[in-house]
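The values are calculated or read from the model by the stated rules, or taken from the named source; none is laboratory data. Source: prediction; values computed, not measured. Here Cβ is always computed from backbone atoms with ideal geometry, including for glycine, and neighbour counts include all displayed protein chains. When the accessible area is computed, the model is the full protein with side chains, heavy atoms only, and any ligands, DNA or RNA have been set aside. Shrake-Rupley method; radii C 1.70, N 1.55, O 1.52, S 1.80 Å.
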Amino acid sequence: MVQVTSSIPVTQQNSEAEGADAFSLRTRDIATDICRQAKKIDTLIESLPGASVAEGDQEEEFQELNRANEQATAELQQADQQARALRDRLSMILKDIADKSGKN
(Lines give C-alpha, C1' and ligand atoms only; values in the text may rest on other atoms or scores of the structure.)
Protein backbone atom coordinates (compact mmCIF):
# COMPACT_ATOMS: atom_id res chain seq x y z
CA MET A 1 0.00 0.00 0.00
CA VAL A 2 1.35 3.41 -0.89
CA GLN A 3 1.11 6.27 1.56
CA VAL A 4 -0.36 9.17 -0.38
CA THR A 5 -0.12 11.81 2.33
CA SER A 6 1.58 11.98 5.69
CA SER A 7 -1.68 12.98 7.38
CA ILE A 8 -3.16 9.55 6.53
CA PRO A 9 -0.77 6.85 7.69
CA VAL A 10 -0.63 3.39 6.21
CA THR A 11 -1.49 1.06 9.06
CA GLN A 12 -1.64 -2.29 7.34
CA GLN A 13 0.08 -3.73 4.30
CA ASN A 14 -1.98 -5.27 1.55
CA SER A 15 -0.15 -7.91 -0.44
CA GLU A 16 -2.56 -7.41 -3.39
CA ALA A 17 -1.97 -3.65 -3.56
CA GLU A 18 -0.54 -2.23 -6.77
CA GLY A 19 2.92 -0.83 -6.88
CA ALA A 20 3.57 2.92 -7.12
CA ASP A 21 4.04 2.85 -10.91
CA ALA A 22 0.84 0.90 -11.54
CA PHE A 23 -1.03 3.17 -9.12
CA SER A 24 0.19 6.30 -10.95
CA LEU A 25 -0.72 4.81 -14.32
CA ARG A 26 -4.23 3.90 -13.18
CA THR A 27 -4.65 7.33 -11.63
CA ARG A 28 -3.71 8.96 -14.94
CA ASP A 29 -6.09 6.66 -16.83
CA ILE A 30 -8.94 7.54 -14.50
CA ALA A 31 -8.19 11.27 -14.84
CA THR A 32 -8.16 10.91 -18.65
CA ASP A 33 -11.50 9.08 -18.56
CA ILE A 34 -13.01 11.80 -16.36
CA CYS A 35 -11.85 14.51 -18.80
CA ARG A 36 -13.21 12.55 -21.76
CA GLN A 37 -16.58 12.10 -20.07
CA ALA A 38 -16.69 15.82 -19.17
CA LYS A 39 -16.13 16.70 -22.84
CA LYS A 40 -18.92 14.30 -23.87
CA ILE A 41 -21.27 15.89 -21.35
CA ASP A 42 -20.41 19.39 -22.61
CA THR A 43 -21.08 18.27 -26.19
CA LEU A 44 -24.45 16.79 -25.18
CA ILE A 45 -25.42 19.96 -23.31
CA GLU A 46 -24.52 22.11 -26.32
CA SER A 47 -26.64 19.90 -28.58
CA LEU A 48 -29.77 20.32 -26.44
CA PRO A 49 -32.54 22.13 -28.29
CA GLY A 50 -32.80 25.75 -27.31
CA ALA A 51 -29.38 25.94 -25.70
CA SER A 52 -28.27 28.60 -28.18
CA VAL A 53 -31.67 30.32 -28.53
CA ALA A 54 -32.40 33.62 -26.82
CA GLU A 55 -34.77 33.58 -23.87
CA GLY A 56 -37.39 35.64 -25.71
CA ASP A 57 -37.34 33.22 -28.63
CA GLN A 58 -37.69 30.30 -26.23
CA GLU A 59 -40.69 31.99 -24.60
CA GLU A 60 -42.29 32.57 -28.01
CA GLU A 61 -41.72 28.95 -29.01
CA PHE A 62 -43.16 27.81 -25.68
CA GLN A 63 -46.29 29.91 -26.24
CA GLU A 64 -46.68 28.49 -29.75
CA LEU A 65 -46.31 24.93 -28.46
CA ASN A 66 -48.79 25.69 -25.69
CA ARG A 67 -51.35 26.97 -28.23
CA ALA A 68 -50.86 23.87 -30.38
CA ASN A 69 -51.30 21.70 -27.28
CA GLU A 70 -54.52 23.49 -26.33
CA GLN A 71 -55.86 23.04 -29.87
CA ALA A 72 -54.97 19.33 -29.84
CA THR A 73 -56.66 18.99 -26.44
CA ALA A 74 -59.83 20.62 -27.76
CA GLU A 75 -59.83 18.33 -30.81
CA LEU A 76 -59.32 15.30 -28.58
CA GLN A 77 -62.20 16.32 -26.31
CA GLN A 78 -64.45 16.85 -29.35
CA ALA A 79 -63.51 13.44 -30.76
CA ASP A 80 -64.15 11.88 -27.34
CA GLN A 81 -67.62 13.47 -27.18
CA GLN A 82 -68.42 12.23 -30.69
CA ALA A 83 -67.23 8.73 -29.81
CA ARG A 84 -69.34 8.68 -26.66
CA ALA A 85 -72.41 9.88 -28.61
CA LEU A 86 -71.88 7.19 -31.24
CA ARG A 87 -71.42 4.57 -28.53
CA ASP A 88 -74.65 5.61 -26.83
CA ARG A 89 -76.50 5.61 -30.16
CA LEU A 90 -75.13 2.18 -31.07
CA SER A 91 -76.05 0.87 -27.63
CA MET A 92 -79.64 2.05 -28.11
CA ILE A 93 -79.81 0.47 -31.59
CA LEU A 94 -78.48 -2.84 -30.28
CA LYS A 95 -80.93 -2.72 -27.39
CA ASP A 96 -83.82 -2.12 -29.82
CA ILE A 97 -82.65 -5.03 -32.00
CA ALA A 98 -82.40 -7.28 -28.93
CA ASP A 99 -85.86 -6.21 -27.74
CA LYS A 100 -87.41 -6.82 -31.18
CA SER A 101 -85.75 -10.21 -31.59
CA GLY A 102 -86.93 -11.25 -28.14
CA LYS A 103 -90.55 -10.52 -29.00
CA ASN A 104 -90.53 -12.86 -31.98
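Taking each residue as 0.36 nm, the span from residue 94 to residue 21 lengthens on full extension beyond its C-alpha to C-alpha distance by 17.8 nm. Here the label points at residue 31 and residue 83, each 7 Å from Cα along the C-beta direction, are separated by 6.1 nm in the simple model. The lysines whose alpha-carbon is closer than 25 Å to the alpha-carbon of residue 95, local same-chain residues fewer than 8 away aside, are 103. On a per residue basis, the chain carries 94 Å² of accessible surface, using protein heavy atoms and a 1.4 Å probe.
For the chain, give the percent of accessible area contributed by carbon and sulfur heavy atoms, probe 1.4 Å, rounded to a whole number. Ligands and nucleic acids excluded, carbon and sulfur give 54 percent. Under 14 Å of direct C-alpha separation, and excluding same-chain neighbours fewer than eight residues apart, residue 40 reaches no aspartates and glutamates at all. The length gained on full extension between residue 42 and residue 103, counted as 0.36 nm times the residue separation minus their Cα-Cα distance, comes to 14.3 nm.
With viscosity 1.002 mPa s and temperature 20 °C, the Kirkwood radius over alpha carbon pairs of the chain converts through Stokes-Einstein to a diffusion coefficient of 96 µm²/s.
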